[in-house]
1. Taking the condition within 29 Å of SER117 (Cα to Cα), touching a Phe, Trp or Tyr at 6+ places or on another chain (Cβ under 9 Å) and either free of Cβ contacts under 8 Å to residues at least 60 places away in the same chain or part of a strand (DSSP E or B) (or both), does VAL143 pass?
2. Looking only at the range 133-153, which residues are among the small types (Gly, Ala, Ser) and surrounded by fewer than 23 Cβ atoms within 10 Å (Cβ to Cβ)?
3. Name the residues in the range 232-269 that are of a type in the set (Lys, Arg), touching a Gly at 6+ places or on another chain (Cβ under 8 Å) and either at pLDDT 95 or above or more than 18 Å from LEU302 (Cβ to Cβ) (or both), would you?
4. Tell me yes or no: at least one residue of the range 313-332 is assigned to a helix (DSSP H, G or I), in contact (Cβ under 8 Å) with a residue 12 or more places away in the chain and over 26 Å from the mean Cα position of the chain (by Cα).
5. In the range 369-380, what residues are on the phi < 0 side of the Ramachandran plot and either part of a loop (DSSP other than H, G, I, E, B) or surrounded by fewer than 16 Cβ atoms within 10 Å (Cβ to Cβ) (or both)?
6. Can you tell me which residue among ARG17, ARG42 is in a helix (DSSP H, G or I) and either more than 25 Å from the chain's Cα centre (by Cα) or within 27 Å of THR98 (Cα to Cα) (or both)?
7. When the residues of the range 90-112 are narrowed to those that are aliphatic (A, V, I, L, M) and surrounded by fewer than 17 Cβ atoms within 10 Å (Cβ to Cβ), which ends up nearest to the chain's Cα centre (by Cα)?
8. Do you know which of the residues in the range 159-175 that are near the ligand (Cβ under 9 Å from one of its atoms) and not in a strand (DSSP E or B) is surrounded by the fewest Cβ atoms within 10 Å (Cβ to Cβ)?
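The values are calculated or read from the model by the stated rules, or taken from the named source; none is laboratory data. The model shown is predicted, which means the values in this text are computed figures rather than measured ones. Ideal geometry is used to build each Cβ from the backbone, glycine not excepted, and the neighbour counts take in all protein chains shown.
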Amino acid sequence: MDLSLTPQEAAFADEARAWLAEHVEPVPCFEDEESALEWARRWQAELAEGGWVGLDWPVAYGGRGATAVEVAIFNIEYARSGAPQPVNRVGINLAGPTLLAHGTAAQCERFLPAILSARDLWCQLFSEPGAGSDLTGLSTRAVAVAGGWRVTGQKVWTSYARFARFGLCLVRSGPASTGARSLSLLVVDMQAPGVEIRPLVQMTGEAEFNEVFLDGVFVPEDNLIGAEGEGWRVASTTLAHERGANFPVKEEVVHEGLLARLVREAEGNGSLDDVSIADTIVDSYISLLVLRAHNLRTLTKLARGAQPGPESSWVKLAWSTMTQTMAESAMAVLGSGSPMWGHWQRQWIWSKAATIAGGTSEIQRNVIGERILGLPREPGPAGGAGRSPALGDSPGVGRSPVELGIRR
Ligand SMILES: Cc1cc2nc3c(=O)[nH]c(=O)nc-3n(C[C@H](O)[C@H](O)[C@H](O)COP(=O)(O)OP(=O)(O)OC[C@H]3O[C@@H](n4cnc5c(N)ncnc54)[C@H](O)[C@@H]3O)c2cc1C
């Protein structure tokens, strides 16, 4: 593994660093959610203006056709700059790549530039009360009508639904008995009549995700991505990008900073002298190194032009283990006399979601067991399809229900 940058990559890193140094400013304090959202949209628009969003997208749709290594370099520099995550995460990381892979030229022209500039925010309408790890059991129905479909059903855990203009919605457009073969992927206008959004307040006190009720919502036919009945294949692209290569790289850099802060705090309050606490910090460091090793392997693979495969389940596990280990360590450093709320307290509470979001740890372990270690497959439901296929897999009847867990 050669970790040195080519002269072109070094020049690219310099350009990114210089742009970020000139443009990144501390995030102001906001009085309300609307002003925070407005600021976040403006920041992403500024990034897009500079050519720093959707870096590997085609130039024709506002990208700059960057290589996988350049994308990773930018993400590292971005995380180091301390800038906040772009607000249109679902649009950039999930909807964009899905449209690029399966959308028509007209759909790409219509949706992609507005994703980059954050004019249109997106959400992902996949999970339902009765379908999470095994998405192919979903029951939201799309009934064909003149010029499109009427969609009825309920989605849940839909992050950012309240702010989104569009939702990538996985629906059943044929008989349930045909499993994954009757799924289709539609773009739902979140402002259309029949869409009702109810926020769900989390342990952190924030309402990041929502319940979304769809009551006969009309979806025009040109909002179908891919062919009718091909939804599982199309959604596989979305799911594969959900735990894509970029997120763990950013997280690695962010947590390097957090670990340094934790060590300073432990030195400051004397808890570093407690061997059991010092041990938890060492555990955090080791789990960070494990994530780094996984990231480097993924990057090497991408740089060689290959697509990530089932080993990205290992990356997901390494990330969720690392973030939870560090948050636990921070609690030990703070000790029982610490205030009830603060940076680390929020981090600790949020870290609980890490082993669920993007596919649960059990699902990742099943994938590692079955697809990497070659252990026997879990028996699937009769006629059911895999829950989340690996990149390059084609969906098919009879696959395990836990091929790949890659959900937010
Ligand atoms: C912060 C956060 C944000 C989210 N945002 C979105 C979003 O924007 N859009 C969206 O569509 N979804 C979203 N989700 C939902 C997420 O994808 C699901 O929660 C996740 O896929 C698990 O599904 P479930 O909650 O239905 O649990 P279930 O699938 O019901 O699983 C329950 C338990 O059973 C275990 N289990 C299930 N099947 C197996 C098996 N075969 N073998 C072993 N164990 C198994 C699971 O590991 C879990 O512990 C979000 C979740 C979180 C936490």
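1. When the stated conditions are applied, VAL143 does not pass them.
2. Taking the range 133-153 and keeping what is among the small types (Gly, Ala, Ser), we get 133, 137, 139, 142, 144, 146-148, 153.
Passing the criteria: SER133, GLY137, SER139, ALA144, ALA146, GLY147, GLY148, GLY153.
3. Within the range 232-269, just ARG233 meets the criteria.
4. First, pick out the residues of the range 313-332 that are assigned to a helix (DSSP H, G or I): 313-332.
Okay, now just the ones that are also in contact (Cβ under 8 Å) with a residue 12 or more places away in the chain, so 313-332.
Remaining after also requiring over 26 Å from the mean Cα position of the chain (by Cα): 331-332.
The answer is yes, given that some residue of the range 313-332 is assigned to a helix (DSSP H, G or I), in contact (Cβ under 8 Å) with a residue 12 or more places away in the chain and over 26 Å from the mean Cα position of the chain (by Cα).
5. Selection gives ILE372, LEU373, LEU375, PRO376, ARG377, GLU378, PRO379, GLY380.
6. Exactly one of ARG17, ARG42 is in a helix (DSSP H, G or I) and either more than 25 Å from the chain's Cα centre (by Cα) or within 27 Å of THR98 (Cα to Cα) (or both), namely ARG42.
7. Restricting attention to the range 90-112, the residues satisfying the condition of being aliphatic (A, V, I, L, M) are 90, 92, 94-95, 99-101, 105-106, 112.
Checking the rest, the ones that are also surrounded by fewer than 17 Cβ atoms within 10 Å (Cβ to Cβ) come to 101, 105-106.
Values: ALA101: 17, ALA105: 25, ALA106: 25 Å.
Filtering first and then ranking leaves ALA101.
8. Per the criteria, the residue is TYR160.
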